[in-house]
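Undergrad: Below is a structure I'd like to ask you about.
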């Protein structure tokens, strides 16, 4: 069974090689060709040729790049279930008694609070 081309990783080394070839060819043209129209045309030809090759590389590897970027963002089924669940409900505020212990209220204090709120 053959592997589909988009299931492979992008061939980044080839893109880097194309970039290095562009720099090298421009450097070679600069040092070996005298100033003039021929030098300009050779530099333009080198830039256009390597740019076309880079665009071809991008076209061939576009699907591979998209898949490579999508792989790290995909979660496991457990992560997706947790993310899809509803947010936790708010807890009611903790009541603190006069003794300073959370969760315990004095009946007398509750009565006083109710009396203060009803008087206001």
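Quick note: the coordinates plus some simple rules give every number you see, no bench work behind them. Just so it is clear, the model here is predicted, and its values are computed rather than measured. In this analysis, Cβ positions are derived from the backbone assuming ideal geometry, glycine residues included, and neighbour counts consider all displayed protein chains.
Undergrad: Between Rg and the Kirkwood Rh of the stretch 26-75, both from Cα atoms, what is the Rg to Rh ratio?
TA: With Rg and the Kirkwood Rh in hand, the quotient comes to 1.35.
Undergrad: Another question about this same structure. Would you list 62, 71 from fewest to most Cβ contacts within 10 Å?
TA: In increasing order of surrounding Cβ atoms, one gets 71, 62.
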